[in-house]
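Where a number appears in this text, it was derived from the coordinates with a stated rule and is not lab data. Just so it is clear, the model here is predicted, and its values are computed rather than measured. Here the Cβ positions follow ideal geometry from the backbone for every residue, glycine too, while neighbour counts run over all protein chains shown.
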Amino acid sequence: MQVHLLEQRRLCLWAVRARRIGQEASACIGRQANGLGVPMLYVPLEVVMSKYYGESERLFGNVFSLANDLPDGAIIFLDEVDSFAITRDSEMHEATRRILSVLLRQIDGFEQEKRVLVIAATNRKQDLDPALISRFDSIIAFGLPDDQTRAEIAAQYAKHLKESELVQFASVTEDMSGRDIKDICLQAERHWASKLIRGQVANNSAEARLPPLEEYIKSAKQRQEAQLTTQDRNKSSVFMWKPSALA
């Protein structure tokens, strides 16, 4: 994904039907940072939330100050921003309210000549404070991978599968994310390794030591069944970013 940041100064990427952004977002944003030649400052919830009065706001402010001080600019990635930026119309803890106020001030206070880009991630867009959403310029749907992309992702982990097998694997992983496919492949390999150790399958060739397509399909179906039991299957995830002349 390429973005012309001078033309699109604030951007929100909406991951439609994704269950959680997690590592996929970090990897995607990391690639953006590498492409732009700037560091990424990753700010997960547990880093900024403190039990001590005023500490969370101070930590938040330090992150933004550091980004502004870096000569080449930076990308600030706020993971699970809904944890501290929910709407103020709802019941909000006082500490959370203070953090939201700091976040709004920091976004508003960016020096326009600085090369700083803010990206926030959430799977609860509907709960975000409207004042925060209004700070970002646009929302773009970010869908799940299609058949071809799922096959390409699987090829990175199941390198021994034939092209026709990858196509077949992609057909049974509809509505799954790249992270899902990675986990499926790793799970299939673990199950197959366990069978080899227990002597449940033949181990008389190099090919026999690698999981067959059927093992990957079995792992995919198990993951689908597990996902059907979750209540947040259809929740949306959101990437939001606000750059300050980062180009």
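Things worth noting here:
- Sequence-separation-based contact order of segment 147-228, relative, with Cα cut under 8 Å and 6+ spacing, percent: 32
- At 0.890 mPa s and 25 °C, Stokes diffusion of segment 147-228 via Kirkwood alpha-carbon radius, µm² per second: 191
- Radius 11 Å from Cβ of residue 57, net charge of other residues (Lys, Arg +1; Asp, Glu -1): +3
- What the phi angles of segment 62-75 give under the Karplus curve with 6.51, -1.76 and 1.60, with θ = phi - 60°, is a coupling list of 5, 4, 5, 5, 4, 4, 5, 7, 5, x, 9, x, 6, 10 Hz, glycine and proline written as x.
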